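Please read the structure below before turning to the comments.
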Amino acid sequence: MKESREASSNFLATIINTDLESGKHDVVVTRFPPEPNGYLHIGHAKSISVNFGLAEQFGGRCNLRFDDTNPEKENQVYIDAIQDDVRWLGYQWNDEVLYASSYFHQLYEWAKWLINQGMAYVCDLSADEAREYRGTLTEPGRNSPYRERTTEENLALLEGMKAGKFDEGSRVLRARIDMASPNINMRDPILYRIRKLHHHQTGNEWCIYPTYDFAHGQEDAIEGITHSICTLEFEDHRPLYEWFLDNLPVPSRPRQYEFARLNVNYTITSKRRLKQLVESGTVSGWDDPRMPTISGMRRRGYTPGSIRTFCDMVGTNRSDGIVDVAMLEHCIRDDLNENAPRAMCVLNPLRLIITNIAEGHVEQVSAPIHPNREEMGQRSLPFSGELLIDRDDFREEANKKFKRLVLGKRVRLRNAYVIEADEVERDDNGEIAAVKCRLIENSLGQDPADGVKPKGVIHWVSAAQASRVEIRLYDRLFNHPAPDRTDEDMMVHINPDSLVTIDEAWLEGGLENVMPETVFQFEREGYFVADRYEYNAERRVFNRVIGLRDSWGEGK
């Protein structure tokens, strides 16, 4: 325990360590409280890593609690997806999944408590009138004309709201705090509003629902949360969080702490804007591999380890800033370079006919599954007289900078022999249909005996044994570093090359039984993952995770 505490460097870990060593808390209890109104994104991954990570580091507990106080936008689909995301990232919540709705009865009793203490009242102002009375950042608000209702009248009206006697928007329950407070959040905030909607957990039991501000701190207190960690936009809400804890008979006293949210360039994390991308058909869904959602990144081929490493590299502090998405791309590239098995796949095929190999001859050549990890073993590659190479790897004529196959020149076939190109075959349109070449004998794994060395190395597959696959070349969805922070609609910044589909690519033989979500480095091409949903025996779809190098850093 002591070693893990000393290893941490962020300010939250320092606070927790101090609280534990001082005896303020015996155990750390955190929580991750997502709203089930959309899919989690990379920003949530940071919050997950902070809350679950701190609990894990200090031998404590972290609750997964759904903030389901707004049934208008919530859905069981999101609840299931969020649980799946948390598990996939490698975290496990304490005991069962929790819901704000489980505490609705207790919250309602506490609302009545505030009324009895003269600290809450039912207000009939319309939404427009309430905004007018609220004031501005520079001008104080005004008391509602309904602020002085009696305790009996307020209790009766609240019961009427609960019983469904009033229309939506006609009445709300508000805290009686201070309409002149410089903190607008303290100007008699709303505690309950009427919403005559079916709730995914409580059905039609309720037609009034608590606000997040009223529910959150009390939920923390019920669960015994010691450190309620959220992002900086909630800093101005902390006085209200503490006001409720001060004025209600809660069973424990949590403390709220704030850290800077994760902002990544070339990326949007607004749920409203992500939903716009889905509903406009710009992407195929919330889990489209170009989306910054955790499910989208998973389908793209990102690993849990790469995302957790990225969150660690970003750090946890109180300074807002923009993180370069290249850091995230570096994390997955580094992870897959270390762990992904290798394979060869030809994306733009050109036939290569080896004229001095007998027709029908097939031999097996050996290649490492990973060049730097002997423990992963070897793979066997069928080698025959007709191969497929990438069309971009051949030129009839080229200068010395072209280190691939040229007529009259030699090149090594990766993990196999040296060949020399002799002539081309053309189709009826005059396009090159095939390249004829000779295999240089005794060049498997060694330089040719005549001393004429090959100019480069190219990848290949055996035409007869290769399997056809569909390749989806994914790239960044936006071509602007701040697509939602310009005067233009974010849609004008959509990268037109964010998805390019290749219907006919050819993968080396022996990989017919690949499982979905298996990632390979296709040598010389990049990292590719078998699609989570669409990879099957009938349609073998691979998504490009990331290229071998940062093409955007090269001025793309």
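The values are calculated or read from the model by the stated rules, or taken from the named source; none is laboratory data. Not measured: the values here are computed from a predicted model. Here Cβ is always computed from backbone atoms with ideal geometry, including for glycine, and neighbour counts include all displayed protein chains.
Suppose we keep only residues that are assigned to a loop (DSSP other than H, G, I, E, B) and small (G, A, S) within the range 517-556. Which one would you say is modelled with the highest pLDDT?
G547
Here is a check on your reading of the model: is R238 at pLDDT 95 or above, more than 31 Å from the chain's Cα centre (by Cα) and not hydrophobic (A, V, I, L, M, F, W, C)?
Details: at pLDDT 95 or above: yes; more than 31 Å from the chain's Cα centre (by Cα): no; not hydrophobic (A, V, I, L, M, F, W, C): yes.
It is false that R238 is at pLDDT 95 or above, more than 31 Å from the chain's Cα centre (by Cα) and not hydrophobic (A, V, I, L, M, F, W, C).
Looking at the range 430-438, is at least one residue modelled with pLDDT under 95 and of a type in the set (A, V, I, L, M)?
For the range 430-438, residues modelled with pLDDT under 95 and of a type in the set (A, V, I, L, M): absent.
I'm trying to understand the selection: among the residues of the range 52-92, which are touching a residue at least 40 places away in the same chain (Cβ under 8 Å), under 19 Å from R298 (Cβ atoms) and among the hydrophobic types (A, V, I, L, M, F, W, C)?
The answer is F52, I79, A81, I82, V86, W88, L89.
Any idea which of (1) outside the structural domain of D335 (by TED's automatic domain parsing); (2) assigned to a helix (DSSP H, G or I); (3) among the basic types (K, R) is the one R308 doesn't satisfy?
Unmet condition: (1).
Which one of Q218, Q201 is polar (S, T, N, Q), touching a strand residue (DSSP E or B) at 6+ places or on another chain (Cβ under 8 Å), on the phi < 0 side of the Ramachandran plot and in contact (Cβ under 8 Å) with a residue 12 or more places away in the chain?
Details: Q218 fails: touching a strand residue (DSSP E or B) at 6+ places or on another chain (Cβ under 8 Å).
Unique residue meeting the criteria: Q201.
Considering the range 363-383 alone, what residues qualify as being under 30 Å from K436 (Cβ atoms), exposed (fewer than 14 other Cβ atoms within 10 Å of the Cβ) and touching a residue at least 24 places away in the same chain (Cβ under 8 Å)?
The answer is S366, S380.
What residue, among those in the range 429-476 that are of a type in the set (V, I, T) and part of a strand (DSSP E or B), is farthest from N513 (Cα to Cα)?
Taking the range 429-476 and keeping what is of a type in the set (V, I, T), we get 432, 435, 440, 452, 457-458, 461, 469, 471.
Those still in the list that are part of a strand (DSSP E or B) too: 432, 435, 457-458, 461, 469, 471.
Numbers: I432: 33, V435: 31, V457: 28, I458: 25, V461: 17, V469: 13, I471: 17 Å.
It comes out as I432.
With respect to L511, is the statement that it is buried (at least 20 other Cβ atoms within 10 Å of the Cβ) and of a type in the set (A, V, I, L, M, F, W, C) true?
The answer is no for L511.
Taking the conditions exactly as written (in contact with a Lys or Arg (Cβ under 9 Å, 6 or more places away or on another chain), closer than 28 Å to R485 by Cβ and aliphatic (A, V, I, L, M)), does L262 satisfy them or not? Working first, answer last.
On the way: in contact with a Lys or Arg (Cβ under 9 Å, 6 or more places away or on another chain): yes; closer than 28 Å to R485 by Cβ: yes; aliphatic (A, V, I, L, M): yes.
In short, yes.
Looking only at residues that are more than 29 Å from the chain's Cα centre (by Cα) and among the polar types (S, T, N, Q) in the range 247-267, which one is nearest to H41 (Cα to Cα)?
For the range 247-267, the residue satisfying everything is S252.
Please go through the range 67-115 and pick out each residue that is farther than 15 Å from R193 by Cα and aliphatic (A, V, I, L, M).
V77, I79, A81, I82, V86, L89, V97, L98, A100, L114, I115 - these are the residues of the range 67-115 that are farther than 15 Å from R193 by Cα and aliphatic (A, V, I, L, M).
Only one of G281, G321, G296, G285 is in the same structural domain as F528 (by TED's automatic domain parsing) and in a helix (DSSP H, G or I); which? Before the answer, list the steps.
Working: G281 fails: in a helix (DSSP H, G or I); G321 fails: in a helix (DSSP H, G or I); G285 fails: in a helix (DSSP H, G or I).
It is G296.
I'm trying to understand the selection: among the residues of the range 264-278, which are touching a helix residue (DSSP H, G or I) at 6+ places or on another chain (Cβ under 7 Å), more than 23 Å from Q83 (Cα to Cα) and either in a helix (DSSP H, G or I) or of a type outside the set (A, V, I, L, M, F, W, C) (or both)? Before you say what the answer is, go through the steps one by one.
Of the residues in the range 264-278, the ones touching a helix residue (DSSP H, G or I) at 6+ places or on another chain (Cβ under 7 Å) are 264-269, 273.
Add one more test, that the residue is more than 23 Å from Q83 (Cα to Cα), and what stays is 264-267.
The answer is N265, Y266, T267.
Please find, within the range 133-147, the residue that is nearest to L158 (Cα to Cα) out of those that are surrounded by 12 or more Cβ atoms within 10 Å (Cβ to Cβ) and out of contact with any Phe, Trp or Tyr (no Cβ under 8 Å at 6 or more places or on another chain). First the steps, then the outcome.
If we filter the range 133-147 for residues that are surrounded by 12 or more Cβ atoms within 10 Å (Cβ to Cβ), which is where we start, we get 133-135, 140-147.
From what is left, the residues that are out of contact with any Phe, Trp or Tyr (no Cβ under 8 Å at 6 or more places or on another chain) are 133-135, 140, 145.
Working: Y133: 22, R134: 22, G135: 26, P140: 27, P145: 17 Å.
Out of the qualifying residues, it is P145.
For residues that are in a loop (DSSP other than H, G, I, E, B) and within 41 Å of the chain's Cα centre (by Cα), tally how many sit in the range 410-428. Break it down into steps so the answer makes sense when it comes.
Of all residues in the range 410-428, those in a loop (DSSP other than H, G, I, E, B) come to 414-417, 427-428.
Of the ones still in play, those that are also within 41 Å of the chain's Cα centre (by Cα) are 414-416.
Number of matching residues: 3.
Kindly indicate which of R532, R549, R539 is assigned by TED's automatic domain parsing to the domain that holds M327, surrounded by fewer than 21 Cβ atoms within 10 Å (Cβ to Cβ) and in contact with a Pro (Cβ under 6 Å, 6 or more places away or on another chain).
On the way: R549 fails: in contact with a Pro (Cβ under 6 Å, 6 or more places away or on another chain); R539 fails: in contact with a Pro (Cβ under 6 Å, 6 or more places away or on another chain).
Checking each option against the conditions leaves just R532.
Out of R253, R261, which single residue is in contact with a helix residue (DSSP H, G or I) (Cβ under 8 Å, 6 or more places away or on another chain), touching a residue at least 40 places away in the same chain (Cβ under 8 Å) and among the charged types (D, E, K, R)?
Numbers: R253 fails: touching a residue at least 40 places away in the same chain (Cβ under 8 Å).
None of the other options fit; the residue is R261.
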